[in-house]
1. Restricting to region 71-98, give me the number of residues that are surrounded by 13 or more Cβ atoms within 10 Å (Cβ to Cβ) and farther than 14 Å from residue 22 by Cα.
2. Would you pick out the residues in region 31-67 that are touching a strand residue (DSSP E or B) at 6+ places or on another chain (Cβ under 9 Å), closer than 21 Å to residue 5 by Cβ and outside any helix (DSSP H, G or I)?
3. Is it true that residue 101 is in contact with a helix residue (DSSP H, G or I) (Cβ under 7 Å, 6 or more places away or on another chain) and either crowded, with 16+ Cβ neighbours inside 10 Å or modelled with pLDDT of 95 or more (or both)?
4. Among the residues that make up region 38-50, is at least one of them surrounded by fewer than 10 Cβ atoms within 10 Å (Cβ to Cβ) and on the phi < 0 side of the Ramachandran plot?
5. Look through 76, 88 and report the one residue that is at pLDDT below 95, under 19 Å from the mean Cα position of the chain (by Cα) and in a helix (DSSP H, G or I).
6. Going by what's in this entry, would residue 117 be described as at pLDDT 95 or above and either in contact with a helix residue (DSSP H, G or I) (Cβ under 7 Å, 6 or more places away or on another chain) or surrounded by 14 or more Cβ atoms within 10 Å (Cβ to Cβ) (or both)?
7. When you go through 112, 24 one by one, which is the residue that is surrounded by 12 or more Cβ atoms within 10 Å (Cβ to Cβ) and closer than 30 Å to residue 11 by Cβ?
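The values are calculated or read from the model by the stated rules, or taken from the named source; none is laboratory data. The shown structure was predicted, so the numbers you read here are calculated from the model rather than taken from an experiment. For neighbour counting, all protein chains shown are included, and Cβ atoms are generated from backbone atoms with ideal geometry for every residue, glycine included.
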């Protein structure tokens, strides 16, 4: 298979592959999906052919993203995604809890969405500052 990409497109592809592999493997410890590591390694090996030497390094005979790549802002994008997903899931779970975890129907859909929106507004204004647990 041949795919023709500009340097900019190839760099974006590296970002997407890294992010995808991070999501799949970052929490798995030694039980990684090695097939995804392999694909990532193959793509980062192409950096050598494209003169993008600062984006990869070789560890234990494997081509991996370099420390410079990892420190170049990619984790900020991952953190932004994780924060958004965290607050969206939390808002929905709290809204569903407030409604007694009843099944979502056409009758309560608007109420659920309003509650989610209210929680999202609170989180946007205050983060988790006003969340407390009763003991």
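1. Number of matching residues: 11.
2. 56, 63, 64, 65, 66
3. Details: in contact with a helix residue (DSSP H, G or I) (Cβ under 7 Å, 6 or more places away or on another chain): no; either crowded, with 16+ Cβ neighbours inside 10 Å or modelled with pLDDT of 95 or more (or both): yes.
Spelling it out, it is not the case that residue 101 is in contact with a helix residue (DSSP H, G or I) (Cβ under 7 Å, 6 or more places away or on another chain) and either crowded, with 16+ Cβ neighbours inside 10 Å or modelled with pLDDT of 95 or more (or both).
4. Yes, region 38-50 contains a residue that is surrounded by fewer than 10 Cβ atoms within 10 Å (Cβ to Cβ) and on the phi < 0 side of the Ramachandran plot.
5. After applying the criteria, what remains is 76.
6. On the way: at pLDDT 95 or above: yes; either in contact with a helix residue (DSSP H, G or I) (Cβ under 7 Å, 6 or more places away or on another chain) or surrounded by 14 or more Cβ atoms within 10 Å (Cβ to Cβ) (or both): no.
Here the answer is no, as residue 117 does not meet what is asked.
7. Details: 112 fails: closer than 30 Å to residue 11 by Cβ.
Just one listed residue meets the conditions, 24.
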